[in-house]
Each structure stands twice: as structure tokens, then as C-alpha cells.
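The values are calculated or read from the model by the stated rules, or taken from the named source; none is laboratory data. Because the structure is predicted, anything quoted here is derived from the model rather than measured. When we count neighbours, we look across all protein chains shown, and the Cβ atoms used for this are built from the backbone with ideal geometry, even at glycine.
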Amino acid sequence: MGKLNVVVLRYLSRDDFRVLTAVEMGMKNHEIVPTSLISSIASLRHGGCHKVLRELVKHKLLAYERTKTVQGYRLNFGGYDYLALKTLSSRDVILSVGNQMGVGKESDIYIVANAEGEQFALKLHRLGRTSFRNLKNKRDYHQHRHKMSWLYLSRLSAMKEYAYMKALYDRGFPVPKPVDYNRHAVVMELINGYPMCQVREIEDPASLYSEIMELIVKLASHGLIHGDFNEFNLMLDDSDHITMIDFPQMVSTSHPNAEWYFDRDVKCVRDFFIKRFNYESELYPTFKDIRKACSLDVEVSASGYTKELQQDDQLLHPVGPEGEESMSGDENDDDPGSPESEEPIDIEEYKHAMLELEGLKIDFESDEELENDDECPDLVDLSACNNEFRPFRDQDSLLHVNEHRQRTTSETSIGSVASCSTIPPAVIRQKVRRQLTKQQKASQRRRLQKGEASLVTKERRENRSNIKSSLESAQFWG
């Protein structure tokens with residue numbers, strides 16, 4: 001779960017993404033996907049699946065694993081990031097990825113921009129980094145499942161966050177404007193503000209306290225409880241108005257522990273104001289005072305989830321009162337490796353995923369055309385092209401008025417400084433090709449043989465051992 005590195009994304013081919021998607025499809029019912037299954041799902045035109053797999057392992061987009069019973073590949077967060085970014089790029093949602101803005105306990109936040117230069121926030125969910133003990137308390141929900149991987153839970157978390165963010169934004173709640181999502185990645189409005197945990201002093205703590213409590217009551221009247229309502233999930237702008245973020249742990253007011261979640265959210269806010277601003281109020285809402293106006297939780301569940309995802313949704317709920325008591329137990333009760341499900345892979349779903357990856361604007365050339373073509377458009381004037389991208393927050397984003405504060409659409413234009421390279425394009429292409437070829441040859445010399453080569457080596461060792469043992473027995477009996 002390292003930092004996002006999109007350098008290699010530019011050079012990945014269509015076959016690379018076919019293999020990545022094949023591994024993703026295979027992980028629906030396999031913890032470790034065998035090479036034969038990957039080859040059958042990917043169905044590369046000219047074969048060579050082992051070579052593609054080795055390259056993806058080298059770039060840390062896949063992980064090769066061997067056990068006593070099975071050996072194969074599994075998708076890690078690096079490959080999952082590339083699949084999500086490729087799909088969002090094909091939809092013309094994002095074009096460039098900038099700096100990392102923040103790191104949460106279950107997500108990473110990056111600055112991204114589209115073709116027009118408009119900047120957004122990209123949230124990549126990383127469940128499993130610190131939430132392992134929380135999930136162990138929910139062990140009874142998934143003890144008989146075969147696909148409860150961290151990638152699946154991250155995808156479920158992103159889907160839930162986007163669904164609730166869109167529903168809340170449409171109803172006038174102070175939340176970022178949702179743009180799009182895919183897999184475990186959510187693209188949203190880039191908020192102009194600071195986390196409330198970093199604010200040391202405000203002009204009117206009483207009005208801010210009232211605004212936060214009114215927001216909690218308004219959420220509950222719509223049938224929702226945030227579940228993690230604290231100073232880390234509240235953004236404060238220059239006018240001391242709040243923006244609510246982070247919704248994967250949101251629960252319904254009909255939940256058995258709804259009152260406990262509600263009281264905990266209220267207590268978190270009260271304790272923070274006492275500690276940080278030395279402000280304490282006797283007025284605070286209680287769960288019994290809530291009057292439900294509408295059932296937003298039912299509407300989101302009906303529109304945003306399938307029945308299968310609704311069952312797994314309980315895994316994302318925060319720890320309840322009964323969970324905290326049993327947090328220390330059950331440490332070494334990992335289930336032994338259960339057999340993988342033998343459900344067939346849906347080829348139509350794989351084709352749909354590949355079409356979504358490729359997009360309507362992407363036209364992959366055939367291998368013969370690429371071999372006979374001396375021009376490489378992806379490598380022309382890379383330095384000049386990169387200078388036009390802004391990996392940092394520009395002036396417009398710093399002066400941006402949050403959408404929930406002002407729902408009028410404002411069109412902004414971002415000027416770019418024209419730049420040109422003094423080195424001829426042919427020389428640049430030649431140097432880049434030479435450097436890439438040199439790096440590939442050097443890495444091939446250092447890299448250990450995996451996959452098919454390891455199987456051949458294992459078989460040769462077994463044959464050599466059998467021959468040696470048979471010769472020794474023949475000499476013994478003379």
C-alpha cells in the first residue's frame with residue numbers, strides 16, 4: 001500500500017490491461033489466480049501471457065505467490081489503482097495526477113485535473129491498513145465467504161461513499177460535489193478549507209457549535225447517522241462554515257445501535273469544543289428528540305446497492321458497543337485456507353470491463369503497425385507536455401467557493417504558458433528509446449525467473465533427484 005506512482009501507466013499496453021483485468025476477474029473466486037486461468041480469461045491474440053505477467057510483477061502491479069498447494073498471481077493496490085485511473089481517464093474525468101494532499105487511516109487523497117485544467121480531489125480507499133481489528137469483530141458476517149479481500153472492501157467503501165455523497169449533495173447538505181467513481185477511487189470537488197483538527201482559534205465558537213449540531217440533527221431527520229463525526233472529518237473554510245466529508249461508515253437510524261452511534265457523534269463534537277476552544281454548552285441533541293422527515297437511507301440502498309452488497313455493507317459499520325469489549329480477544333483465529341469457489345467467470349462482465357477501460361476515444365494499433373512505425377507519439381516532447389500539468393493547487397482552487405455554499409456554476413479559464421523544446425523531437429525519441437531498452441535489459445539480467453520458468457526448474461530438480469536415488473539404490477543392491 002505504498003504511494004501512488006503513475007509513471008508506468010503511460011507505457012502500459014492493451015495486453016497489460018487485459019491481463020490485469022483477467023486477474024481481477026479471477027480473484028472473484030480465487031485468492032491466488034493460477035496462470036492457466038489468467039491465460040484463458042485474457043485470451044491474448046498472440047499469446048505471451050507469462051511475459052506480460054513478469055513485467056507487471058516487476059512494476060509491482062501484481063504479486064506472485066507460491067504455497068504448498070497452489071501458485072499464481074494476485075492483484076495488489078498498485079494494479080487496482082491503475083485499473084481505476086485508466087477507466088476514469090477513458091471517461092475524460094481526469095487527465096493528470098498531482099501531489100498527495102493527505103493520508104487517512106483508510107484512504108489516500110491526491111490532486112487530479114481534467115483536460116480543461118479543472119482540479120478535483122481523488123480519494124483512493126485503502127481498507128486493511130489500520131482497520132484489521134475492526135473487521136475481525138465482524139468475523140461472523142463473512143466466515144463462509146470466499147471473496148472478502150481488502151480490494152473488495154475498498155471498492156464497497158468507495159461505492160457507498162459516492163452513493164451517500166451524491167444523495168446528500170442533491171438535498172443541499174454541506175458535502176463536496178461528487179464527480180465520478182470507479183472501483184475504489186472517488187473523484188470529488190476540491191474543497192477550499194482546512195480540517196477542523198488543525199484550527200486553533202475561531203471568532204465565534206457558539207455559532208459553529210450550533211451549525212454542527214444542526215447538521216447532526218438534519219442528518220438524523222433524513223434517516224442517517226455519520227458514524228465517524230469528529231474534527232478530522234469536518235472541513236472549515238475562511239468564513240467558518242463546515243463541509244462534511246468521509247461517509248463509508250454511515251449507518252441508518254433503524255440500525256440496532258443507532259442511538260449509540262448518534263450519542264457518540266455528539267460526544268465527539270462536545271469534547272472537541274471543550275478541549276480546543278474551551279466552550280461547553282448545555283444544549284445538545286439526543287436520539288429521542290429526532291423526528292424522521294424522510295428515509296434517505298432506504299432510497300440510497302434501493303438505488304446504489306445490489307442485494308449482495310447490502311449484506312456486505314455491515315462490514316463497513318464502525319465498531320459498536322459490544323465490539324469494543326471484545327476487541328482484545330480473537331487474535332489468532334484466522335481461518336485455514338478454505339477451498340476457492342468454483343463459480344464460472346462471467347466473460348461478458350470481462351468484456352464490459354475491457355470496453356470501459358479502452359473508452360470510446362482510445363484506438364489501439366495492431367502489433368504489426370507498431371513494429372513498422374518509427375514514430376512514437378507517446379514519447380514526443382514529454383518535457384514540454386509535462387510542463388503544462390499542475391501537480392499542485394493552483395490559484396483558482398485556492399480562491400474556489402465550495403459548491404454547497406454557492407450552487408451557481410462559475411466558469412473559470414486557466415491559462416497555460418506555451419513552452420517548446422530546443423532539442424529536435426527525433427533526438428528525444430532516440431534517447432528515450434535507448435534508455436528504456438538499456439533499463440529493460442539490465443532488469444532482465446537481475447530479475448529472478450518466476451512463473452513458468454520456476455515450474456520447469458522444479459520439475460528438473462525432481463527428475464534429477466529421482467535419477468540420483470534410483471542409481472544409489474541400484475549400487476546398494478549391486
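If you check Y73, Y64, which single one turns out to be surrounded by 21 or more Cβ atoms within 10 Å (Cβ to Cβ), touching a residue at least 24 places away in the same chain (Cβ under 8 Å) and outside any helix (DSSP H, G or I)?
None of the others qualify; the one that does is Y73.
Is region 251-270 home to any residue that is aliphatic (A, V, I, L, M), more than 30 Å from H184 (Cβ to Cβ), out of contact with any Leu (no Cβ under 9 Å at 6 or more places or on another chain) and surrounded by fewer than 18 Cβ atoms within 10 Å (Cβ to Cβ)?
No; the residues of region 251-270 include none that is aliphatic (A, V, I, L, M), more than 30 Å from H184 (Cβ to Cβ), out of contact with any Leu (no Cβ under 9 Å at 6 or more places or on another chain) and surrounded by fewer than 18 Cβ atoms within 10 Å (Cβ to Cβ).
Yes/no matrix, rows are residues, columns are (1) at pLDDT below 80; (2) surrounded by 11 or more Cβ atoms within 10 Å (Cβ to Cβ):
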{"residue": "V417", "(1), (2)": "yes, no"}
{"residue": "S421", "(1), (2)": "yes, yes"}
{"residue": "I428", "(1), (2)": "no, yes"}
{"residue": "A442", "(1), (2)": "yes, no"}
{"residue": "G451", "(1), (2)": "yes, yes"}
{"residue": "S454", "(1), (2)": "yes, yes"}
{"residue": "E462", "(1), (2)": "no, no"}
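Considering region 173-191 alone, what residues qualify as being at pLDDT below 90 and surrounded by fewer than 18 Cβ atoms within 10 Å (Cβ to Cβ)?
none
Looking at D81, D108, which is the one that is more than 30 Å from Q444 (Cα to Cα), out of contact with any Phe, Trp or Tyr (no Cβ under 7 Å at 6 or more places or on another chain) and at pLDDT 90 or above?
Matching residue, one of D81, D108: D108.
Could you run through region 76-100 and say how many residues are of a type outside the set (A, V, I, L, M) and in a helix (DSSP H, G or I)?
Total meeting the criteria: 10.
What are the residues in region 152-184 that are under 28 Å from T21 (Cα atoms) and among the hydroxyl-bearing types (S, T, Y), if any?
Scanning region 152-184 gives Y152, S154, S157, Y162, Y164, Y181.
Take region 181-198 and flag every residue that is touching a helix residue (DSSP H, G or I) at 6+ places or on another chain (Cβ under 8 Å), in a loop (DSSP other than H, G, I, E, B) and farther than 18 Å from G117 by Cα.
Within region 181-198, R183, H184 qualify.
May I ask you to list the residues in region 260-296 that are acidic (D, E) and either touching a strand residue (DSSP E or B) at 6+ places or on another chain (Cβ under 9 Å) or assigned to a loop (DSSP other than H, G, I, E, B) (or both)?
D265, E280, E282
Tell me yes or no: at least one residue of region 91-104 is modelled with pLDDT of 70 or more and touching a helix residue (DSSP H, G or I) at 6+ places or on another chain (Cβ under 6 Å).
Yes, region 91-104 contains a residue that is modelled with pLDDT of 70 or more and touching a helix residue (DSSP H, G or I) at 6+ places or on another chain (Cβ under 6 Å).
Determine whether R54 is in a helix (DSSP H, G or I), modelled with pLDDT under 90 and either surrounded by fewer than 16 Cβ atoms within 10 Å (Cβ to Cβ) or over 19 Å from the mean Cα position of the chain (by Cα) (or both).
no
Okay, residues lined up against (1) surrounded by 15 or more Cβ atoms within 10 Å (Cβ to Cβ); (2) closer than 18 Å to D15 by Cα; (3) out of contact with any Lys or Arg (no Cβ under 7 Å at 6 or more places or on another chain); (4) among the β-branched types (V, I, T):
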site	(1), (2), (3), (4)
S36	no, yes, yes, no
L44	yes, yes, no, no
G47	no, yes, yes, no
G79	yes, yes, yes, no
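Out of region 197-212, which residues are surrounded by fewer than 19 Cβ atoms within 10 Å (Cβ to Cβ) and under 31 Å from the mean Cα position of the chain (by Cα)?
Scanning region 197-212 gives C197, Q198, V199.
Could you check region 21-38 and list, in sequence order, the residues that are in a helix (DSSP H, G or I) and in contact with a strand residue (DSSP E or B) (Cβ under 7 Å, 6 or more places away or on another chain)?
Passing the criteria: V23, E24, G26, T35, I38.
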